[in-house]
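One structure follows; several queries about it will come next.
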Amino acid sequence: MSRDVTAVTQKGNEFYSKVRYFGWAASAAMFAGGVFLAASPGGGGEPLINRSMVGGLISVAVAWLSWVLTYRPRVFLLSESITVRNWFTESVIPYGCIARVRTSGGLTLELKDGYAVRVCVVGKSPLGELSGYPSAKKIKRSILPFLAGAEMVPGGAVREKISLSLKVPVIVAGLHGACYFALKYLFHVA
């Protein structure tokens, strides 16, 4: 019986990190930490609004960062192209534009125009170096059948855009706002 010892999970033609739930857990923990900072009166007698602002800003920043680094990176293998969602960008690459898939130092798609797209879902790491990047090789094995018959299509260019996921900071900030109003007006915390 062989075990899957890679750092990625495959669901259909989608690949994502196995540590993606760390982003959820860190977001929840930072929200709780921010509420604790807001609800606990400090030694200096800071007003609730100041404590709420500090707790809210810290938890929003750390929750968003953990979300972006762990949950967001994904690779989608579609019929005509591969979509690579990295931390702050999203690239749609037609298979005909890919010259080579490199697995040394993480996963990198080398394009025919000389440009390279690093895939953040399998980044460079000391553990990856020691183990030979099995996660990158797993994704490469899934990409190769799509590349076999791919031809450069006229007008088939790589589309890359800045893609910031702002759902998490907005949700965490909204929850902090609701907690502030509950503490201030329902529980009369000063």
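The values are calculated or read from the model by the stated rules, or taken from the named source; none is laboratory data. Nothing here was measured: the structure is a model prediction, and the numbers come from that model. All Cβ positions, even for glycine, are placed from backbone atoms using ideal geometry, and neighbour counts span all protein chains on display. With ligands, DNA and RNA removed, areas are computed over all heavy atoms of the protein, side chains included. Shrake-Rupley method; radii C 1.70, N 1.55, O 1.52, S 1.80 Å.
Does region 45-54 contain at least one residue that is under 20 Å from Lys137 (Cβ atoms), surrounded by fewer than 20 Cβ atoms within 10 Å (Cβ to Cβ) and out of contact with any helix residue (DSSP H, G or I) (no Cβ under 8 Å at 6 or more places or on another chain)?
The answer is no; no qualifying residue exists.
A further question follows. Pick from region 153-162 the residues that are surrounded by 11 or more Cβ atoms within 10 Å (Cβ to Cβ) and at pLDDT below 90: which of them is farthest from Trp24 (Cα to Cα)?
My answer is Val153.
Further, regarding this structure: Which number in (1) exposed (fewer than 14 other Cβ atoms within 10 Å of the Cβ); (2) within 19 Å of Thr6 (Cα to Cα) marks the one condition that Glu80 misses?
Among (1) exposed (fewer than 14 other Cβ atoms within 10 Å of the Cβ); (2) within 19 Å of Thr6 (Cα to Cα), Glu80 violates only (2).
Cβ-Cβ distance below 8 Å, separation of 6 or more or different chains: which pairs start in region 114-134 with a residue that is under 24 Å from Ser81 (Cα atoms) and in a helix (DSSP H, G or I) and end on one that is open to solvent by 70 Å² or more (accessible area, probe 1.4 Å) and not hydroxyl-bearing (Ser, Thr, Tyr)?
Partner pairs satisfying both residue conditions: Cys120/Trp87; Pro134/Val5.
Right, next: Taking region 6-44 only, how many residues are part of a strand (DSSP E or B) and either in contact (Cβ under 8 Å) with a residue 60 or more places away in the chain or open to solvent by 50 Å² or more (accessible area, probe 1.4 Å) (or both)?
Adding up the residues that qualify gives 7.
Just the residues that are closer than 30 Å to Leu77 by Cα and modelled with pLDDT under 80, please, taken from region 23-56.
Once the filter is applied, which keeps residues that are closer than 30 Å to Leu77 by Cα and modelled with pLDDT under 80, region 23-56 yields Gly23, Trp24, Ala26, Ser27.
Answer yes or no as to whether Val68 is at pLDDT 85 or above, touching a strand residue (DSSP E or B) at 6+ places or on another chain (Cβ under 6 Å) and open to solvent by less than 60 Å² (accessible area, probe 1.4 Å).
Against the criterion (at pLDDT 85 or above, touching a strand residue (DSSP E or B) at 6+ places or on another chain (Cβ under 6 Å) and open to solvent by less than 60 Å² (accessible area, probe 1.4 Å)), Val68 does not qualify.
Kindly indicate the residue of region 101-127 that is basic (Lys, Arg) and either within 16 Å of the chain's Cα centre (by Cα) or modelled with pLDDT of 95 or more (or both) and also surrounded by the fewest Cβ atoms within 10 Å (Cβ to Cβ) among those meeting that condition.
Only one residue tops the list, namely Lys124.
Also, quick follow-up: Val75: open to solvent by less than 60 Å² (accessible area, probe 1.4 Å), at pLDDT 85 or above, of a type in the set (Val, Ile, Thr) and closer than 17 Å to Lys167 by Cβ, yes or no?
So Val75 fails the test.
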